[in-house]
Amino acid sequence: MPNPLSLRITRSVTVRPLLLAVLMLALSACSEPEAPWHAKDISGVMPDLSFTLNASDGRTVTAADYEGDVRMLFFGYTSCPDACPTTLAYLHSAIQQVPEPLRDRIRVMFVSVDPRRDTPEKLAQYVSAFDSRIIGLTSDEATLRDLAKRYRTTFGYGEVNADGQYKVSHSNAVYIFDGQGRIKLLLRTDLPAEDAARDLTRLAKAANSPTSGSS
Amino acid sequence: MATQLLLPYDPSPVTIAVFAAVLVLYLLGLRRCPAATRPGSLRVVAFLTGLLLCYGVMQTRFDYYAQYMFFVHRGQHLVLHHLGPFLIALSNPLPVLQYWRRQLPGQLMPWLTPVRLLYRCLQNAWVAPFLFVGLIFFWLWPPVHFNAMLDRDLYWVMNWSMLVDGVLFWWLMLDPRNPYTTTALGYGKRILILVLVAVPQIILGASITFARQSVYDVYEVCGRAWPMAPATDQLVGGIITWIPPAMMSILGVLLVLRRLMNHNDTASDTAQMTPTG
């Protein structure tokens with residue numbers, strides 16, 4: 001990591017014993033010697049996937065509707081100038097690299113945190129431009145706030161300019177849940193898409209064979 | 001709207017219970033301790049302000065902003081590690097503590113030996129400053145900070161460790177007992193420690209302030225409370241890590257110096273009085 005601060009702190013004597021203790025704890029927590037994930041492993045850190053949101057075709061969608069599939073949760077908004085289009089294009093590219101039959105076990109939930117501007121039609125049109133496995137979802141602000149809080153994230157609105165436009169701050173990471181809706185990984189676009197595809201393939205394989213669903 | 005601001009964003013029953021217990025024990029002890037040693041109103045206000053500040057940054061809407069803005073988080077730790085404990089230690093709640101110690105049944109004392117040993121170990125003149133600065137560096141180490149902001153349990157461990165260690169450290173520095181007649185740390189050592197702990201905090205704060213790239217990207221991952229430029233957030237957070245803690249050290253040094261001078265004055269007075277008396 002080229003970050004001078006983190007390098008300096010790593011070298012500092014203050015942190016070294018603590019780091020060792022944390023490392024030992026982390027090692028002792030792994031009961032099975034499994035290969036590490038490429039994305040950040042956050043299993044057990046957050047609650048299982050659960051939501052009730054409105055799809056762009058007017059249906060009410062819950063987490064149970066896609067039970068058995070590997071699900072990715074991403075918060076954004078369609079007027080987003082950078083993070084959202086980049087991330088959705090990245091997810092499309094990663095999914096394309098997952099072998100064909102497994103690809104269908106993968107779903108992306110794009111949750112718009114800007115329900116005032118993102119009408120169902122706009123949302124549907126937006127997500128379909130990236131990948132057919134992306135589902136555009138939204139709800140009222142209170143419901144969205146509850147869901148965001150559940151995954152320790154938030155969003156906020158900037159000041160409205162003369163054209164009625166405003167910026168929205170939101171999470172730039174993708175939460176990945178396994179076939180049983182348990183939190184597994186936190187994916188960010190700085191990870192090469194091939195590595196993301198490897199993780200997704202592994203999760204999709206596990207979701208496909210119910211006996212080894214625990215992996 | 002006002003009640004919304006005062007209610008906790010993430011209610012923690014343990015935190016609320018601990019603060020309530022401390023408040024009740026303090027007020028009861030205050031009423032019942034001997035009038036001669038009872039803290040005056042200024043000291044009571046200092047204690048309650050310190051306690052309220054710590055509670056406020058942990059269990060009101062402030063905590064929401066502290067979770068999603070780096071600079072507010074730094075403000076939260078400034079209160080938990082410096083300002084709140086500083087006020088609590090300055091208020092000298094020793095008479096209240098002594099009152100409650102007298103209430104403990106005698107047969108409980110042997111059971112408290114491990115606690116006493118742990119306390120003595122933590123308050124060692126080498127361990128205490130190391131722990132005080134070490135915790136700041138540990139929780140601000142980018143990978144650890146990332147996990148602490150993402151993992152709810154670790155987040156609580158972080159905030160509580162900062163508060164508990166803050167109280168221990170500032171109590172060691174501002175202990176009102178006479179170092180010449182009790183086990184309290186000598187004034188010279190206190191001044192040295194206060195200056196020494198300021199140096200790494202200044203370096204850390206300055207390196208965050210002047211960092212060109214994003215050091216704490218967890219605020220991108222979790223989303224910010226409002227669309228503030230990440231660089232501005234980091235800059236302000238760095239300044240809060242850098243300047244106010246250094247000022248707290250200076251304030252501590254001034255207080256210890258004042259006590260040292262008062263002590264020297266009374267000591268020379270007694271010395272002058274001894275031959276004549």
B:A125 paired with B:S161, simple spin-label distance in nm, labels 7 Å along Cα-to-beta-carbon: 2.7
Given q = 0.08 Å⁻¹, what are the Debye log10 I(q)/I(0) values for chain B, with equal point scatterers placed on the Cα positions and solvent ignored? -0.39
Counting only protein heavy atoms and rolling a 1.4 Å probe, how much accessible area do A and B lose on contact, total for both sides, in Å² to 100? 2800
Just add up the charged neighbours of B:L80: K/R +1, D/E -1, any other residue whose Cβ is under 15 Å from the Cβ of B:L80. -1
So, taking all protein chains as they sit and a 1.4 Å probe, how much accessible area belongs to A:E121, in Å² rounded to tens? 130
How far, in degrees from 0 to 90, does helix B:230-276 lean away from the longest principal axis of the Cα atoms of chain B, to the nearest 10? 0
Among B:A206, A:G156, B:L97, the residue whose Cα sits farthest towards the positive end of the charge dipole of the protein assembly as shown (+1 at Cβ of Lys and Arg, -1 at Cβ of Asp and Glu, taken about the Cα centre) is B:L97
Roughly how tilted is helix B:13-32, in degrees to the nearest 10 and between 0 and 90, from the longest Cα axis of chain B? 20
Rounded to the nearest 0.05, what FRET efficiency do A:D82 and A:R182 give with R0 = 25 Å and r taken as the Cβ-Cβ distance? Could you check? 0.25
Could you sort B:214-224, B:188-198 so that the peptide with the highest average Cβ count within 10 Å comes first and the rest follow in order? B:214-224, B:188-198
Farthest towards the positive end of the dipole of region A:80-169, among A:T119, A:P99, A:T86 and with Cβ unit charges of +1 on Lys and Arg and -1 on Asp and Glu, lies the Cα of A:P99
Could you please state, rounded to a whole Å, how far the C-alpha centre of region B:223-272 is from the C-alpha centre of region B:50-93? 15
Near A:K184, which lysines are there with a Cα under 27 Å away, not counting those fewer than 8 places off in the same chain? A:K40, A:K149, A:K205
Sorted by mean Cβ packing within 10 Å, highest first, what order do the peptides B:9-15, B:24-30, B:92-98, B:176-182 take? B:92-98, B:24-30, B:9-15, B:176-182
Only Lys, Arg, Asp and Glu count, each charged at its Cβ (+1, +1, -1, -1), so figure out the dipole size of chain B about its Cα centre, rounded to 20 debye. 880
Degrees separating the helix B:187-209 axis from the principal Cα axis of chain B, which is the longest one: 10
Give me the 1.4 Å probe accessible area per residue for region B:2-272, excluding ligands and nucleic acids, in Å². 48
Return the lysines within reach of A:K122: Cα separation strictly under 18 angstrom, same-chain partners fewer than 8 residues apart disregarded; answer none if there are no such residues. A:K167
Are there any residues in region B:134-156 with a reduction of at least 20 Å² in accessible surface when going from the isolated chain to the assembly of protein chains? Probe 1.4 Å, please list them by number. B:G134, B:F137, B:F138, B:W141, B:P142, B:F146, B:N147, B:L150, B:D151, B:R152
Projected label distance in nm at A:D104 and A:D48, using a 7 Å step from Cα toward the beta-carbon: 2.6
Dipole axis of region B:46-186 (+1 Lys, Arg; -1 Asp, Glu on Cβ), positive-most option in B:L140, B:W171, B:G75: B:W171
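The values are calculated or read from the model by the stated rules, or taken from the named source; none is laboratory data. Quick caveat, the model's predicted, so the values are computed rather than measured. Note: ideal-geometry Cβ built from the backbone for every residue, glycine included; neighbour counts use all protein chains shown. Side chains are part of the model used for accessible areas, which takes the heavy atoms of the whole protein and leaves out ligands, DNA and RNA. Shrake-Rupley method; radii C 1.70, N 1.55, O 1.52, S 1.80 Å.
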